[in-house]
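Down below is the structure, laid out as structure tokens.
No value in this document is a laboratory result; all are computed from the given coordinates. If you're wondering where the values come from, they're calculated on a predicted model, not measured in any experiment. Virtual Cβ from ideal backbone geometry, glycine too; neighbours counted across all protein chains shown.
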Amino acid sequence: MRTSHCICILSLLLLAGCAREPPIGRDLPTDYGGTNPAFDERLKARYPIGSLATALRGELRKEGFDIVDHDFTDGYQESAEFSISDLVCKTSWSVYWSADNDEKITLEKGKYRTVCL
């Protein structure tokens, strides 16, 4: 019985470490402290001001981000969050944006960070 519990716990720990980062957040530099600006730059290059918020929202949903409507964090209307955790670290990708009545992006910000014990 104890052996099966140990195997189950070990399997869960291994599966937790297998979580994949979202495609928009892949291959970002990791040699930084705090929030990494590379994700913000990538987001703005892929979805510059004036791009359709519906396209951004659709891609983020497809990649597994959780969307929050009317967040108003720092003046943004919407936000999306994706995170991966293992035993000692949590890596997260956050996207904040606002759009006009034509669904065109007027303001956006991307945050990418890792916090470890």
For this session: Could you list all residues from the stretch 98-117 that are over 17 Å from residue 27 (Cα atoms) and under 13 Å from the mean Cα position of the chain (by Cα)?
Result: 109
Problem set entry | Subset of the stretch 38-83 [in contact (Cβ under 8 Å) with a residue 24 or more places away in the chain, more than 14 Å from residue 24 (Cα to Cα), surrounded by 13 or more Cβ atoms within 10 Å (Cβ to Cβ) and not hydroxyl-bearing (Ser, Thr, Tyr)] | 52, 53, 71, 78
